[in-house]
Amino acid sequence: MSPPRGRTRTSRSGGGTVGFDRGEDGRSRNAEGASARLDRMRIAILGGTGDIGEGLALRLAADTPHRVAIGSRDAEKAENKAEEYSTELESRGLDAAVTGGENAAVAADARIVVLAVPPYHVGDTVEAVAESLESGDVLVSPATGMKRDEEGFHYHKPGAGSVTKIVADAAPEGVAVVGAFHNLAAARLANLDADLGIDTLVIGDDDDAKRTVADVAEGIEGLRALDAGGIANAPEIEGLTPLLINVAQNNDGLHDLGVRFQ
């Protein structure tokens, strides 16, 4: 394990639904002073060189005060992509930057580690960075398993029940697992000119970790986090992703769909 990094840790309060407290605008106000508590947190996005990883890196760097690093198995690839993202942010007059490095290296310096990797790599990725994680860290799983045939995309349920459950089973002791960002269109997320106005469903068996991830998610402009219960509910949430793709592909004028609950 890496040495302590001087970060505030969340306590464990058991599984179940926490029902994020909300203001009149519907956004979470989980705890008084939440923004101060989360100020300048380090977030690592493993697989941050591709699709959903790119969008999350750009949005988190642009809209929140957190320090964002992207990881790859190839450190040079991550560093080059991070430079591209930083150039994009700078071109918009934003005082923000993204750094890059090898997966284990960026995970070692992070409080939240997002697994923006294909679903069939999540278990191996957790195993590869396990020694870089410490008790109190949070793993976030946005991946969903899909297969495609002539009718469209379908949810491919893994043997563990969900991709989020695979991550939970592989996570080191003391490291919480939260599912979030499953149903976000990668292209829409990466386009900083696009308004979001959508929800992300947050699941997990650790209430404090869920609240932390919800607070981070709602730092992204136009994104609302909704508590969807424990990891047992992951199959229903992961299964929304192929549905959204199918609806977009079968209806003219619809693309990069998300969900909004009203």
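Annotation: residue 86 fulfils all but one of (1) surrounded by fewer than 24 Cβ atoms within 10 Å (Cβ to Cβ); (2) free of Cβ contacts under 8 Å to residues at least 60 places away in the same chain; (3) part of a strand (DSSP E or B); the unmet one is (3).
Among the residues of segment 173-213, those that are small (Gly, Ala, Ser), under 22 Å from residue 244 (Cα atoms) and touching a strand residue (DSSP E or B) at 6+ places or on another chain (Cβ under 9 Å) comprise 179, 180, 185, 197. Across segment 95-126, the qualifying residues are those that are touching a Gly at 6+ places or on another chain (Cβ under 6 Å) and among the aliphatic types (A, V, I, L, M), and the one among them that is nearest to residue 74 (Cα to Cα) is 106. Listed here are the helices (runs of 4 or more DSSP H) enclosed by segment 165-262 that have at least 3 residues being among the hydrophobic types (A, V, I, L, M, F, W, C) and over 30 Å from residue 151 (Cα atoms): 207-217. In segment 92-111, of all residues being touching a residue at least 40 places away in the same chain (Cβ under 8 Å) and over 22 Å from residue 185 (Cβ atoms), the one that is surrounded by the most Cβ atoms within 10 Å (Cβ to Cβ) corresponds to 107.
Applying the condition of being out of contact with any Pro (no Cβ under 6 Å at 6 or more places or on another chain) and outside any loop (DSSP other than H, G, I, E, B) to segment 150-164 and asking which residue is surrounded by the fewest Cβ atoms within 10 Å (Cβ to Cβ) yields 152.
For segment 47-76, a tally of residues being assigned to a helix (DSSP H, G or I) and under 15 Å from residue 117 (Cα atoms) returns 7.
Every test in (1) buried (at least 22 other Cβ atoms within 10 Å of the Cβ); (2) at pLDDT below 95 is passed by residue 204 save one, and that test is (2). Of all residues in segment 39-47, none are modelled with pLDDT of 95 or more, surrounded by fewer than 16 Cβ atoms within 10 Å (Cβ to Cβ) and out of contact with any Cys (no Cβ under 8 Å at 6 or more places or on another chain). Within segment 210-236, the residues that satisfy the criterion of being in contact with a Gly (Cβ under 7 Å, 6 or more places away or on another chain) and closer than 15 Å to residue 259 by Cβ are 222, 224, 227.
Take segment 210-262 and flag every residue that is closer than 17 Å to residue 60 by Cα and of a type in the set (A, V, I, L, M). Passing the criteria: 213, 214, 216, 217, 220, 223, 225. For segment 234-260, name all the residues that are in contact with a His (Cβ under 6 Å, 6 or more places away or on another chain) and small (Gly, Ala, Ser). If the condition is that a residue be in contact with a His (Cβ under 6 Å, 6 or more places away or on another chain) and small (Gly, Ala, Ser), then 248 is the only one that fits. When the criteria are applied in full, residue 163 meets the requirement of being under 26 Å from residue 246 (Cα atoms) and touching a strand residue (DSSP E or B) at 6+ places or on another chain (Cβ under 9 Å).
The values are calculated or read from the model by the stated rules, or taken from the named source; none is laboratory data. Owing to the predicted nature of the structure, the values given are computational and were not obtained by experimental measurement. Positions of Cβ are generated from backbone atoms using ideal geometry, with glycine treated the same way; all protein chains shown enter the neighbour counts.
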